[in-house]
């Protein structure tokens, strides 16, 4: 039962945070005004990666599931994933500038 509750918690965290952050970045891209909102799907990938890192390093330890295999990502992996996410968040305006 705890596993099912944890899976529901994961889905809820990802859907809510992706919805909120996706809307924020969509509005930012719309305010830029050069067609960057057409490439906002790239920001969803970045948001997914950020939430994944946040979950693996913080939220998994405060949930219902207390089984094996719960460990943080290494600092190196966390930094690499966050760097990739930031680059992906910057891509839509850059791509829109060059292709529109």
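A few comments on the model shown:
- Selection count, segment 73-86, where residues are part of a helix (DSSP H, G or I) and without any contact (Cβ under 8 Å) to a residue 12 or more places away in the chain: 6
- For segment 27-36, a residue qualifies if it is under 19 Å from the mean Cα position of the chain (by Cα) and either in contact (Cβ under 8 Å) with a residue 60 or more places away in the chain or under 15 Å from residue 86 (Cα atoms) (or both), and the qualifying residues are 28, 29, 36.
- Looking only at residues in segment 41-72 that are in contact with a helix residue (DSSP H, G or I) (Cβ under 9 Å, 6 or more places away or on another chain), modelled with pLDDT under 90 and in a loop (DSSP other than H, G, I, E, B), the one that is nearest to residue 89 (Cα to Cα) is 71.
- Residue 5 crowded, with 16+ Cβ neighbours inside 10 Å, in contact (Cβ under 8 Å) with a residue 12 or more places away in the chain and part of a helix (DSSP H, G or I): no
- Matching residues, segment 19-43, being within 27 Å of residue 62 (Cα to Cα) and surrounded by fewer than 16 Cβ atoms within 10 Å (Cβ to Cβ): 19, 20, 23, 24
The values are calculated or read from the model by the stated rules, or taken from the named source; none is laboratory data. Being a predicted model, the structure only gives us computed values, none of them experimental. Backbone-built Cβ (ideal geometry, glycine too); neighbour counts: all protein chains shown.
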